[in-house]
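Visitor: Structure below; questions to follow.
The values are calculated or read from the model by the stated rules, or taken from the named source; none is laboratory data. Values in this document were obtained by computation on a predicted structure and should not be read as measured data. Note that we place each Cβ from the backbone using ideal geometry, even for glycine, and neighbour counts take in every protein chain shown.
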Amino acid sequence: MKRQIITIDEKSCTGCGDCIPGCPEGALQVIDGKARLISDLFCDGLGACIGHCPTGAMKIVTREAEPYDEKRVMHESIAKGGANVIAAHLHHLMDHGQNDFFQQALEYLEEEGIANPLEHEAVRQSANKQTHAAHHHAPHTGGCPGSRTIDFNTKGESDTAVAAMPGTPVQSALRQWPIQLHLVSPQAPYFQGSDLLLAADCAAFAVGDFHGKFMSGKSLAIACPKLDSEMDVYVDKLAAMIDMSHINTITVAIMEVPCCGGLMSIVDEALRKATRKVPVKKVVISLQGETLSEEWV
């Protein structure tokens, strides 16, 4: 079958091994001074290892490859590493919207009588909130720092953008990080029971008061239906937000240009795939930031 999988440029690879910790599935090893993909079965093609490569020797390609085997990965690599490795792997699957693999991993844990380390995370998250400020600037270990899940409202701060006096900064209404749809986890705490704003990348640059007009009180994801790749991943993530995070509503803010309409198509497909139904509002913005239309669809 054709699927996405890691490839390594042998000439660029220095054999440093920095990519190995980023692949708990065990698909990579350093052999004869070079990083090697030792098994198609173990590579999920999500690219967690890429951000650790200092030379840019790794990239994702689409080619003929054996199907990824989640339960075999759990048995031969993940489970042996203990609870922390299992938890990291489950988060890795959630962060990339791999709901089928996530369910297969949970099935394996149940079949083998292994405790699911995520079952106790609600307790840990409650404790973590008390030390959020200390951890906010802590070095990030493992994965891409840009995709680290951060909830800016864990201490109950207001997320309303407030108009400032002339010459003073306007308060941001951003509630979270990350915001790019490829990077967000559909089960991140800030999506739970939220009203989601799905905005075209250009929208915030066109609307001068974008934070105050559209973002206040909402979780956020941004995407470009023309330039972004892997639209099926977007569909899966939105469906997971609907079913697993129980988002209340979706507001889709798009530009008036025809290509932006693809964002609505992604939402429509996600709604067909999800088991829950949520109201969707479509907002069309002109090139100069005016609201041309705003309607529930």
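Visitor: Test of understanding: among Ala79, Ala87, Ala105, which residue is under 24 Å from Pro186 (Cβ atoms) and either assigned to a loop (DSSP other than H, G, I, E, B) or modelled with pLDDT of 85 or more (or both)?
Guide: Ala105
Visitor: Let me ask something else. Which of the numbered conditions does Ile5 fail, given that it passes all the others? Conditions: (1) part of a helix (DSSP H, G or I); (2) crowded, with 17+ Cβ neighbours inside 10 Å.
Guide: (1)
Visitor: Continuing with this model, one more query. Only one of Ile60, Ile38 is of a type in the set (A, V, I, L, M, F, W, C), surrounded by fewer than 14 Cβ atoms within 10 Å (Cβ to Cβ) and farther than 20 Å from Ile114 by Cβ; which?
Guide: Testing whether each residue is of a type in the set (A, V, I, L, M, F, W, C), surrounded by fewer than 14 Cβ atoms within 10 Å (Cβ to Cβ) and farther than 20 Å from Ile114 by Cβ leaves just Ile38.
Visitor: Might you let me know whether region 53-70 holds any residue that is of a type outside the set (Phe, Trp, Tyr), under 18 Å from Glu107 (Cα atoms), under 22 Å from the mean Cα position of the chain (by Cα) and assigned to a helix (DSSP H, G or I)?
Guide: Scanning region 53-70 turns up at least one residue that is of a type outside the set (Phe, Trp, Tyr), under 18 Å from Glu107 (Cα atoms), under 22 Å from the mean Cα position of the chain (by Cα) and assigned to a helix (DSSP H, G or I).
Visitor: To continue, here is another question. Could you grab me the full set of residues in region 51-75 that are among the charged types (D, E, K, R) and farther than 22 Å from Thr7 by Cα?
Guide: Lys71
Visitor: Would you confirm, using the coordinates I've provided, whether Val283 is out of contact with any strand residue (DSSP E or B) (no Cβ under 9 Å at 6 or more places or on another chain), in the same structural domain as Tyr190 (by TED's automatic domain parsing) and under 20 Å from Gln180 (Cα atoms)?
Guide: Considered against the rule, which asks whether it is out of contact with any strand residue (DSSP E or B) (no Cβ under 9 Å at 6 or more places or on another chain), in the same structural domain as Tyr190 (by TED's automatic domain parsing) and under 20 Å from Gln180 (Cα atoms), Val283 comes out as no.
Visitor: If you scan region 21-49, which residues turn out to be part of a loop (DSSP other than H, G, I, E, B), farther than 18 Å from Glu76 by Cα and without any contact (Cβ under 8 Å) to a residue 24 or more places away in the chain?
Guide: Asp32, Gly33
Visitor: When the residues of region 279-293 are narrowed to those that are of a type in the set (A, V, I, L, M, F, W, C) and under 13 Å from Leu197 (Cβ atoms), which ends up surrounded by the most Cβ atoms within 10 Å (Cβ to Cβ)?
Guide: Ranking the qualifying residues of region 279-293, first place goes to Ile285.
Visitor: Hey, another quick one. Could you grab the pairs with beta carbons closer than 8 Å, sequence gap of 6+ or different chains, first residue in region 50-61 and without any contact (Cβ under 8 Å) to a residue 24 or more places away in the chain and in the same structural domain as Glu10 (by TED's automatic domain parsing), second one polar (S, T, N, Q) and surrounded by 12 or more Cβ atoms within 10 Å (Cβ to Cβ)?
Guide: Here the result reads none, with nothing in region 50-61 linked to a residue that is polar (S, T, N, Q) and surrounded by 12 or more Cβ atoms within 10 Å (Cβ to Cβ).
Visitor: If Ser158 meets every condition in (1) at pLDDT 90 or above; (2) part of a loop (DSSP other than H, G, I, E, B); (3) not β-branched (Val, Ile, Thr) apart from one, which number is that one?
Guide: Unmet condition: (1).
Visitor: Please verify whether region 200-207 includes one or more residues that are buried (at least 16 other Cβ atoms within 10 Å of the Cβ) and under 17 Å from the mean Cα position of the chain (by Cα).
Guide: There is at least one residue in region 200-207 that is buried (at least 16 other Cβ atoms within 10 Å of the Cβ) and under 17 Å from the mean Cα position of the chain (by Cα).
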